[in-house]
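To start, the structure itself, in structure tokens.
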There are 2 protein chains.
Amino acid sequence: FSLNLAADCNAVLKALQPIFQEQGMTETVHNWEDHGYLVTYIKKNGSFANLRIHPHGLVMVDLQSYNDHTKGRDEVDQLLNKVEERMKELFHGNIKRVKRLPAILRGGVIDRYWPTADGRLVEYDIDEVVYDEDSPFQNIKILHSKQFGNILILSGDVNLAESDLAYTQAIMGSGKEDYTGKEVLILGGGDGGILYEIVKLKPKMVTMVASNIDQMVIDGCKKHMRKTCGDVLDNLKGECYQVLIEDCIPVLKRYAKEGRMFDYVINDLTAVPISTSPEEDSTWEFLRLILDLSMKVLKQDGKYFTQ
Amino acid sequence: FSLNLAADCNAVLKALQPIFQEQGMTETVHNWEDHGYLVTYIKKNGSFANLRIHPHGLVMVDLQSYNDHTKGRDEVDQLLNKVEERMKELFHGNIKRVKRLPAILRGGVIDRYWPTADGRLVEYDIDEVVYDEDSPFQNIKILHSKQFGNILILSGDVNLAESDLAYTQAIMGSGKEDYTGKEVLILGGGDGGILYEIVKLKPKMVTMVASNIDQMVIDGCKKHMRKTCGDVLDNLKGECYQVLIEDCIPVLKRYAKEGRMFDYVINDLTAVPISTSPEEDSTWEFLRLILDLSMKVLKQDGKYFTQ
């Protein structure tokens, strides 16, 4: 509850007290004087509530309980309804905002919280852990979401879901490129999405270079991300494609030396390279090196796509 | 912390105690016996921590403090690093999962949490409240997200963001329809997205019927969702379109009676109709009525699109 005015901590405490006591909860009050109150309500079954009253006009109620996540929801809603009603009686029109957040589920078999790269909390509708393995380089998870299908998550970082065809189409040039009869080089792309989509377009030859860091990613995807990669990862060689499990730097150097040229280079390496050694300024050096080498193997009218 | 084994509550308490005491926090222990411990640590500055130890092997630490959200993050991270380190010493390889969630920000000017229709917690990168008005029917918010542009939120329900062109394209038939010279009827669509996209395609006439419930939605969108609606909402009439601010049921009945027919009917009404009267079975009846009336004004080879 955000209030338009200062909160009389004691008045809030007295107003809400009966609601928690009705639940058979016992009360412990901490009074900071200048920082308001923390009231802890404890129930016999292991549940508890924190009521935090800030004198400048912020009142927060946190409930924590251990149970099946479908049980006890109604009870919690009823309790919160009473709290809201009582607060509205107490402050009349002076409540600026009432916000009730969904319960956060912790300690379950399935972890539904996968924060974004910029640190925002996002809960997915995960209903199954499909794959969960540690490689020497990273943790590889494939989780099933009702909304997005299987989702590839590398060391906690959401990479690609089966519903993310738009990502693959965008990095291929949003349908504006003609790959027929073309020579294509894919750097990274361990989920197989780009390879699968380009192979459909009758290229002359697609070479995908995925480092051995990605071997277990490939293994997971070829089993569980088939909407993304189809059957292209079942074999490392097809009629018009090959997959090299090698670090891309020496491969690019070799191609440059041999004068092997491509119509398209698609860089789908992770934005920040995975490294087993400590990170220096090497990130930018790595990205520059990849770009320089890519230019060396690109035909004069060739195109380079990346994120 | 999810553990592979039962937790000795007292051992956990003793192991973590020094970390909180170093912070000058004073401890209150509640021991349920059969439901484990709740330890509350209180700091002089108004911050506090809950340490909840479940004997079957779940240990949770919640920190709550009041400050500028950019301040104190390092301090919190350091504290949690120490907790994690100490727990790993205590349980060696027996920690099944360690999960640290981003801080939840409450009481600020900007509310970043807009749960999905299925009740999942999603934090957006909102940096500005662009529009926030109460109509007699609903609260209308337009919030700016760095990722999605302006987002229209009706009574807490995320409707459409400026980045959601894909939604509009999908409900128009995913680019496979030819609207040139066609008669089109849009039901709802107060954000103006469908109208704007169809008008670009040189239809004969587009009629959009938005109920007066949506008047303030239209007002907000024409100012702040211009990537979605362009200038089509600036006037309620254009060369090849008109916007009627009327309930769609009588309009549909009138058209049916007059024998007015359309090539396309696009139903973009909210999935569950807004009502000021109590909800009965009326939701399904309403949807059926709309569908029946739409069929009556649709040419024999006409098409009906909806969510």
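Can you give the helix-only mean residue ellipticity at 222 nm for the protein assembly as shown, where every DSSP H stretch with n ≥ 4 adds -39500 (n - 2.57) and the sum goes over all residues, rounded to the nearest 500 deg cm²/dmol?
It lands at -8500 deg cm²/dmol.
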Shielding of A:118-125 by other chains, given as the mean Cβ count within 10 Å, works out to 6
Can you list the residues of region A:40-58 whose accessible area drops by at least 10 Å² going from the chain on its own to the full set of protein chains, with a 1.4 Å probe?
-> A:40, A:42, A:44, A:45, A:46, A:48, A:50, A:52, A:54, A:56, A:58
Centroid-to-centroid separation of region B:1-76 and region A:40-83 [C-alpha atoms, Å] | 18 Å
Relative packing of peptides A:212-222, B:74-84 - highest average C-beta neighbours within 10 Å first = A:212-222, B:74-84
Looking only at other chains, what is the average number of their beta-carbon atoms within 10 angstrom of each beta-carbon in A:155-162?
-> 0
For residue A:118, which inter-copy label distances result when the label point lies 7 Å beyond Cα on the Cα-to-Cβ vector, reported in nm to one decimal and in ascending order?
-> 2.5
Label points for residue B:204 built 7 Å along Cα→Cβ; distances to same position in the other copies, nm, shortest first, come to 5.1
Any idea what Rg and Dmax come out to for the protein assembly as shown if you just take the C-alpha atoms, in Å?
-> 28.9, 82
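So what is the relative contact order of chain B, in percent, for Cα pairs below 8 Å that sit 6 or more residues apart?
Details: 508 pairs, mean separation 33.9, N = 307.
Value for chain B: 11 percent.
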Per the 1.4 Å probe, what fraction of the accessible area of region B:164-306, in percent, lies on carbon and sulfur atoms?
-> 52 percent
Along region B:142-149, Karplus-curve 3J(HN,Hα) (6.51, -1.76, 1.60; θ = phi - 60°) to the nearest Hz, with x for Gly and Pro, reads 10, 10, 8, 10, 4, 7, 10, x
What order do B:105, A:252 take when sorted by accessible area (1.4 Å probe), most exposed first?
-> B:105, A:252
If you project the alpha carbons of chain A onto the principal axes, what extent comes out on each, in Å, largest first?
-> 82, 38, 36
Express in whole angstrom the spacing between the alpha-carbon centres of region A:187-237 and region B:86-159.
-> 35 Å
Most fluctuating of B:11, B:103, B:117 in the GNM of chain B (C-alpha, under 10 Å) is B:11
Non-local residues with an amide H under 5 Å from the amide H of residue A:186, with H modelled 1.01 Å from N and Pro and chain starts lacking one, are A:207, A:208, A:209, A:266
Please figure out what share of the DSSP beta bridges in the protein assembly as shown is antiparallel and state it in percent, rounded to the nearest 5.
-> 65 percent
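Taking the solvent-accessible surface of protein heavy atoms with a 1.4 Å probe, what is the per residue accessible area of the protein assembly as shown in Å²? Let's see the in-between values first.
Details: 31100 Å² over 614 residues.
I get 51 Å² per residue for this part.
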Among A:204/A:257; A:43/A:99; A:296/B:146; B:43/B:99; A:96/B:146; A:141/B:43, which pairs are too far apart, with a Cα-Cα distance over 31 Å?
-> A:296/B:146; A:141/B:43
Interface B:A - total buried accessible surface [probe 1.4 Å, Å², rounded to 100] = 4000 Å²
Dipole size in debye (nearest 20) for the protein assembly as shown around its Cα centre, Lys and Arg Cβ +1, Asp and Glu Cβ -1?
-> 660 debye
How many nanometers, to one decimal and shortest first, lie between the label point of residue B:149 and those of its other copies, if labels sit 7 Å from Cα toward Cβ?
-> 2.7
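The values are calculated or read from the model by the stated rules, or taken from the named source; none is laboratory data. Just so you know, these numbers come straight off a predicted model, no measurement behind them. Neighbour counts run over all protein chains shown; Cβ positions are idealised from the backbone, glycine included. Protein only, heavy atoms only, side chains kept; ligands, DNA and RNA dropped before computing areas. Shrake-Rupley method; radii C 1.70, N 1.55, O 1.52, S 1.80 Å.
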